[in-house]
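S.K.: Structure provided below as structure tokens; questions to follow.
No value in this document is a laboratory result; all are computed from the given coordinates. Everything quoted here is computed from the prediction, not taken from an experiment. Note that we place each Cβ from the backbone using ideal geometry, even for glycine, and neighbour counts take in every protein chain shown.
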Amino acid sequence: MQGQQELTEREKSVDAVRRLIDEGFNKGNFSAVDEVVSIDMTEHQRFDPPLPPGSIGTRALIRGLRDMFPDLKLTIEDLSVEGDKVWIRMRAKGTNLGSIMGKPPTGKQMEIDVFDICRVKDGKIVEHWGVPDQLGMLEQVGIIE
């Protein structure tokens, strides 16, 4: 019976992360974000300026990314679960049609690697660590050389 319950928790964790990527980031569905991200989620990825806490910050991040890259598409290439953590490796693709760092859009495309770890409790993401290839993105869209 215990193995059955662990499998259920594992499935809930994977579903929460997949919904955040597929519905939240790829479609801009903020209702899905609120369903799978805890209102008090702890964000460990560095942002300047810092994001508001929890699902509010996640919605702000998605809004900002989709302003810069309206056709943003994240594709999960690898996913692994260890205990209460879901580890994912993704490819992010998009066309720069919005301002980045105060610079006008370049219309150039980017495709970068993104690595994320989400700690999930009771089907909600309660902690997040992320490492996107920001330097690669800035180079590809022509913001830096």
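S.K.: In whole angstrom, and with the biggest value first, how far do the Cα coordinates of segment 2-140 range along each principal axis?
M.R.: Here the Cα extents, ordered largest to smallest, are 54, 28, 23 Å.
S.K.: So, one more: Take the chain, connect every pair of alpha-carbon atoms lying under 10 Å apart with a spring to form a Gaussian network, then pick out the residue of 127, 11, 43 with the largest mean-square fluctuation.
M.R.: Highest fluctuation among the options: 11.
S.K.: Give me the dipole magnitude in Debye, nearest 20, for the chain about the Cα centre, with unit charges on the beta carbon: positive for Lys and Arg, negative for Asp and Glu. If you can, show how the numbers build up before the last one.
M.R.: On the way: 19 positive and 25 negative charges, 76 e Å.
Using Cβ point charges on Lys, Arg, Asp and Glu, the chain gives about 360 debye.
S.K.: Let me have the 222 nm mean residue ellipticity of the chain computed from DSSP H runs of 4+ only, each contributing -39500 (n - 2.57), with the sum over all residues rounded to the nearest 500. Before the final figure, lay out each step's value.
M.R.: Details: 4 runs with 47 residues, N = 145.
Roughly -10000 deg cm²/dmol at 222 nm, from the helical runs in the chain.
S.K.: Then there is this: Calculate, for residue 11 and residue 111, the FRET efficiency according to 1/(1 + (r/R0)^6) with r their C-beta to C-beta distance and R0 35 Å; round to the nearest 0.05. Mind showing how you got there, number by number?
M.R.: Values: r = 30 Å, r/R0 = 0.86.
Working from the Cβ atoms, E equals 0.70.
S.K.: When only C-alpha pairs under 8 Å and at least 6 residues apart count, what is the relative contact order of the chain, in percent? The partial results should precede the final answer.
M.R.: On the way: 278 pairs, mean separation 34.4, N = 145.
Relative CO of the chain lands at 24 percent.
S.K.: With r as the distance between the Cβ atoms of residue 78 and residue 129 and R0 = 22 Å, compute the FRET efficiency 1/(1 + (r/R0)^6) and round to 0.05. It would help to have the intermediate numbers written out before the result.
M.R.: Values: r = 16 Å, r/R0 = 0.72.
The computed FRET efficiency comes out at 0.90.
S.K.: Related question: Starting from the Cα of residue 121, draw a straight line to each of the lysines and keep only those under 22 Å, dropping any in the same chain fewer than 8 residues away.
M.R.: 12, 85
S.K.: Still on this structure, I have one more. With the Cα gyration tensor of segment 63-145 giving a ≥ b ≥ c as the square roots of its eigenvalues, does the rule (a/c under 1.5 for rounded; else a/b larger than b/c for prolate; else oblate) give rounded, prolate or oblate?
M.R.: prolate
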